[in-house]
1. Grab the Cα-Cα distance for B:Ala96 and B:Asp50, subtract it from 0.36 nm times how many residues apart they are, and report the gain in nm with one decimal.
2. Expressed in nm to one decimal, what extension gain is obtained for the pair B:Gln173 and B:Asp186 from 0.36 nm per residue of sequence separation less their Cα-Cα distance?
3. What order do you get for B:176-189, B:412-425, B:688-701, A:48-61 when each peptide is scored by the mean count of other beta carbon atoms within 10 Å, highest first?
4. Label point 7 Å out from A:Glu13 along Cα-to-Cβ: which residues of the range A:40-82 have amide N under 15 Å?
5. First measure r as the distance between the Cβ atoms of B:Arg160 and B:Phe315, then evaluate 1/(1 + (r/R0)^6) with R0 = 56 Å and state the FRET efficiency to the nearest 0.05.
6. Order B:543-550, B:250-257, B:103-110 from most to least packed using the mean count of other Cβ atoms within 10 Å.
7. Expressed as an acute angle from 0 to 90° and rounded to the nearest 10, what is the orientation of the C-alpha long axis of helix A:80-92 relative to the principal long axis of chain A?
8. Give the cross-link partners of B:Lys501 among the lysines, using a straight C-alpha distance below 22 Å as the criterion and excluding same-chain residues fewer than 8 apart.
Amino acid sequence: MKKKLKINGEIQEIDADADTPLLWVLRDHLGLTGTKYGCGVMACGACTVMVDGRATRTCAMPVGAFNEQQDITTIEGLPGATHHAVQKAWAENSVAQCGYCQSGMIMTATAMLQNNPAPSDTDIDKHMTNICRCGTYQLVRVAIKQAAKELQNG
Amino acid sequence: MDKLQLGRRGFLQGAACLSFGLALSPYRVLAQDAPASTFSPSALLRIEPDNTVRVVMPHAEMGQGAYTGIAQIIADELDAEWHHVVAEHLESLDAAFNHQDWGTIATGASTSISNQWNNLREVGATARAMLVEAAAKHWDVPAATLTTNRSMVIDKANSRKISYGKLTTSAAQLTPPAKVTLKTPDQYSIIGQNVQRIDSVAKSSGSATFGIDLQLPNMLVAAIAHSPVFGGKVKSFDTAAAASMPGVKKIVEIPTGVAVIADTFWQAKKAKDALKIDWESGAFASTSSNDLWQQYSDLADTQGPVFERRGQIDFAQSDSQIEGEIRFPFLAHAPMEPLNATVQLSEDRCEIWSGTQLQGIDAVNLEQLTGIAASKIKINTQWLGGSFGRRAAPHADFLVEAVQIAKASKLPNPIKMIWQREDDIQGGFYRPMVLHRYKIGLDANKLPAHWAHQVVGASISEGTPFEEAFVVDGFDTLSTEGLRHTKYHVDNLEFGLHTTKHPIEVLWLRSEADSHTGPAVEAIMNRLARNAGANPIDYRRKLLAGNDEAHRIVGVLDALDKSSNWKTKPAENIYRGMAVHPSFGSVSGYIVELKKTGTHLSFHKVIAAMDCGRVVNPESVKAQIYSSVAFALSTLIGQKVEIAGGKAVQSNFHDYTVAKLSEVPDVEVILVDNGLTHPTGVGEVGVPPFIPAVTEAVFAATGQEVNEFPMNLDGYSFLNA
Ligand code: FES
Ligand code: FES
């Protein structure tokens, strides 16, 4: 099946079976390997991208269900101040250990902060349901708060 | 710790052959040699004309922070500009990259920093001395008049300086000094600092590529159907439906199953699911976890071969007795990045791209498998998306599978084998299921005087290249470490080990034997202290008093004691537990406070204390404590692999759960200085004592003794469950 998708602001033409999860289209067809495979059953969040600004797990979402009107944003294409602040906070706090879950963490955090620039602890608990096997959560919290502060101040 | 000194025979011989082979092989120039204009006084270090300081990493980075710590140690002795230091993955099998205690290239047992401590400092100091010498020649002044700072040699008397990058060619001509003077601790400028992780930017931008992300021209992807029953074999298979599916290039049988090779992962996976395979499952197909526990329990009724004895046990001499049993389930490592390996195989060359911890041993395994000389085997280490021991595979099982697929396919293409999460959770190589049974006789002061203990579980090292190193006097220390040589003073004790066998492969998981012996011993201590009505810190102090070898444990207890108000009663609805455990040359301990709201329990406060000797990067040590807490908590609330019909019951993160952000408490970490001048283990040390600290707080709150994992509380909920 040939299909057009809007990924990171550009229209991309792909050729994949309609049931191929968006995750594997990104990774194997478009070479965007920043989005990770962790479970394939929507249980970990490693495959999170933004679809029209919402954090979306892609490992069990068939590409056939997407259309070219939707804005799909991956870690490679994250634009804007929110993401800049998030990435900076992540790097400065050395949040990542193995790093494998962190694309998904950063996408989820960025989507949350775009909608809610001053999340409470409860908001963070509620939104950040991604699994980190390395257990970086304490520093994820620190980095989200730092990014939120930076966004509010500037 | 000397428990990891590997023996002379076995794979060490293989590894020795390896480095010899490499030295003779012209292939070596392909592996990581430096261009002529760089100064490379050691295979681990390259200083380039643009001032880049490149450290080729002798250990794998799987999240534990090894790359950063290694770079800090070299950079400090080199007096390098930290911002010019970069890490490079290992691609060579040269003996220069060997683990300093094990004689082969390997990462494990929380030793990456400690084993290289002297070596790295000497590498850095040697390079620095040669750069100074080169500058002295250049200016024609005595070397002793020069100093160094931030990748510059400085001639203060003549107000001039020159960068390391400008000296690379001349320094490369010099003979390394026979002896160098290492810095004293007061001179450290990078060691002990909270520098940002060297991989932090790459891992915050999605640009760090893991093994699973590798893309090569003409690469194909393989998925495998493994036997659902442990130890099962393929009887026959029908490829009719699968072979004609889009993208499918080849379907091959390998010893562990059937693999489909296709253009993309999804095509390979779909075709794999369409295979019709008749499995020869064997006798294990009727086994369940209950059967295994029954067998373990029956064994514990009998005296196992004794691996440790002090005095003479006689319960008739004791005032009272306490008995109990604690069961630890199979645990899958579940590294976040599913196992994978890419292989390019030809008649006489084998090239691998994978995140692995045991390159030196992998090469020996692959040499045996392919008949290709180890000198023609190249292993390109990648970022490891977690491991927790799974990527330290004594028989290189996942690399072997990938090579078997490539071999059977006869395709010239590079083939990337990817395991699904289900292959990982259901594929064995688990932390063994282990039963601890104990009986303790108390004296009139309610202190333990007689301690009988049976450990029942499968051996990790038997039948592997590690057997000789880990089996001591006939006992696998990977089953007993942490209980063996307990520092607690008990006059009479007798510890037995029943070694079981089953077709499920077992493997070290983060903290190895200490993952169960630590929680078992500390749960016992908590119970005894409670029984004596004693403060659990003071009770432990009594049992450690006068033992020189226990002074670091006591130091950690003192730190915990100081940090909390053990002497005062906790506030209403707050319940406490504590534990301490030495492992991997270090000691950690916790105080856990739980809050009870009705029948719901949640964390109120967690304090950790850690003595890991000389601290190379304090924040990095703290991060490993946070990590250990989350790891241990997952085993308390969501992880076990059960067996039914000879198969694993759990399959993925929905039923083998990892603690989430909303469940994992913030931890206050105290780094304890007990005077050690060198670093000891970090990555695995924090896991064992967290478990009994929590279960004791749970007992305080609920009156329920936790004797199996994950916890199953009657009438109470904990965290999100
Ligand atoms: S890979 Fe999609 S949620 Fe785990
Ligand atoms: S950093 Fe390793 S899984 Fe999150």
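1. Working: separation 46, 0.36 × 46 = 16.56 nm, distance 2.49 nm.
Taking 0.36 nm per residue and subtracting the Cα distance, the gain is 14.1 nm.
2. Values: separation 13, 0.36 × 13 = 4.68 nm, distance 3.21 nm.
That pair, B:Gln173 and B:Asp186, stretches by 1.5 nm at full extension.
3. On the way: B:176-189: 11.5, B:412-425: 22.1, B:688-701: 26.7, A:48-61: 19.9.
Packing proxy ranking, top to bottom: B:688-701, B:412-425, A:48-61, B:176-189.
4. The answer is A:68, whose backbone nitrogens lie closer than 15 Å to the label point.
5. On the way: r = 80 Å, r/R0 = 1.43.
Given R0 = 56 Å and the Cβ-Cβ separation, E is 0.10.
6. On the way: B:543-550: 12.8, B:250-257: 19.5, B:103-110: 25.9.
Going by the mean number of other Cβ atoms within 10 Å, highest first, we get B:103-110, B:250-257, B:543-550.
7. The helix A:80-92 is inclined about 60 degrees to chain A.
8. The qualifying lysines are B:Lys233, B:Lys640, B:Lys647.
Coordinate-derived values only; no laboratory data. Because the structure is a prediction, the values reported are computed rather than measured. Counting neighbours? That spans all protein chains shown, and the Cβs are built from the backbone with ideal geometry, glycine included.
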